[in-house]
Every structure is written in C-alpha cells, then in structure tokens.
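Visitor: Shown below is the structure under consideration.
The values are calculated or read from the model by the stated rules, or taken from the named source; none is laboratory data. Please read all numbers here as calculations on a predicted model, not as lab measurements. Positions of Cβ are generated from backbone atoms using ideal geometry, with glycine treated the same way; all protein chains shown enter the neighbour counts. Surface accessibility is based on the protein's heavy atoms, side chains included, excluding ligands, DNA and RNA. Shrake-Rupley method; radii C 1.70, N 1.55, O 1.52, S 1.80 Å.
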Amino acid sequence: QVQLVESGGGLVQAGGSLRLSCAASGGTFSMYRMGWFRQAPGKERECVAAINWSAVNTYYADSVKGRFTISRDVPRNTVYLQMISLKPEDTAVYYCAATRNVAFVNAANIEHWGQGTQVTVSS
C-alpha cells in the first residue's frame, strides 16, 4: 500500500524559506509522477509543482515559478519542495501527491495523497 508522509511545514515570515519533504513507501515509484498540491481555506486544491521519477520533466504553477523548486532523492524515495521568498498568499495546507496518470496537475487524477502539512506565511 502506497504511503506518503510529509514533513517540514510551519510558520514563517514573508520573505522566508521552508523545505517540505515527502517520504514515499509501498510502491514502485519509478512508475509515478509525484509532486505537491496546496489548498487554502475556501479555495480549490491546486497543483504547485510536479516531477517525474527520472527528474527529466518538472512542472510549476505560474504563481510559484522562480521561488519553488521540486526535486527527488530516488534511493530514499523522497520528494522535496524548496520554497523561498514566501508570500502570505502561499499560506495553505500542502499535500504530497503521486499518480501514474499523465495529467498530474488535475487533482482528480491523483491516486495517492499524503496527510498534508500546514504552511503559514505571516506578513
């Protein structure tokens, strides 16, 4: 059974940095695209970054380009999201996600979710 466990969220001031980690287990992750979604109160869950397991292809939402970097450590089955220059509008619950579907950015195509980690950016 696939499990995704996030860590690294917290409270940070605007302009600060955080790194989220997602440890994956229970699957053959060379078959999976992985990444991060976020959901703010009253808003839909949106994809912020994605990566295939070979790390050849990455995706970033326009709102985070140049500030967020997704990466993966294949031997550790871990995906990271480095976030810099954080803004109050980045405040949300961040979810690790994994799917074998091509269209990763659509939340309906995600097969596995982590439990979520809160990121709060104060102004």
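Visitor: Restrict the check to the range 32-45 and report whether at least one residue is of a type in the set (Phe, Trp, Tyr) and at pLDDT 95 or above.
Guide: Among the residues of the range 32-45, at least one is of a type in the set (Phe, Trp, Tyr) and at pLDDT 95 or above, which makes the answer yes.
Visitor: What's the number of the condition Ala97 fails, among (1) open to solvent by less than 40 Å² (accessible area, probe 1.4 Å); (2) assigned to a helix (DSSP H, G or I); (3) aliphatic (A, V, I, L, M)?
Guide: (2)
Visitor: When residues of the range 55-70 are filtered for being open to solvent by less than 70 Å² (accessible area, probe 1.4 Å) and on the phi > 0 side of the Ramachandran plot, how many remain?
Guide: Adding up the residues that qualify gives 1.
Visitor: Same structure again: Suppose we keep only residues that are within 22 Å of Lys43 (Cβ to Cβ) and assigned to a loop (DSSP other than H, G, I, E, B) within the range 71-90. Which one would you say is most open to solvent (accessible area, probe 1.4 Å)?
Guide: Lys87
Visitor: Looking at the range 10-54, which of its residues are assigned to a loop (DSSP other than H, G, I, E, B) and open to solvent by less than 30 Å² (accessible area, probe 1.4 Å)?
Guide: Once the filter is applied, which keeps residues that are assigned to a loop (DSSP other than H, G, I, E, B) and open to solvent by less than 30 Å² (accessible area, probe 1.4 Å), the range 10-54 yields Gly16, Tyr32, Ala40, Trp53.
Visitor: Does any residue in the range 16-27 that is within 14 Å of Gln115 (Cα to Cα) come within less than 7 Å, Cβ to Cβ, of a residue that is part of a loop (DSSP other than H, G, I, E, B) and open to solvent by less than 20 Å² (accessible area, probe 1.4 Å) six or more places away or on a different chain, and which pairs are these?
Guide: That search, which allows pairs on different chains as well, returns Cys22/Gly114.
Visitor: Same structure, new question: Specify which of the listed residues (Ser85, Ser25) is among the hydroxyl-bearing types (Ser, Thr, Tyr), at positive phi and out of contact with any Pro (no Cβ under 9 Å at 6 or more places or on another chain).
Guide: Ser85
Visitor: Now a separate question. Can you tell me which condition Ala108 does not meet? The list is (1) without any contact (Cβ under 8 Å) to a residue 40 or more places away in the chain; (2) surrounded by fewer than 19 Cβ atoms within 10 Å (Cβ to Cβ); (3) part of a strand (DSSP E or B), and all the others hold.
Guide: (3) is the only condition that Ala108 fails.
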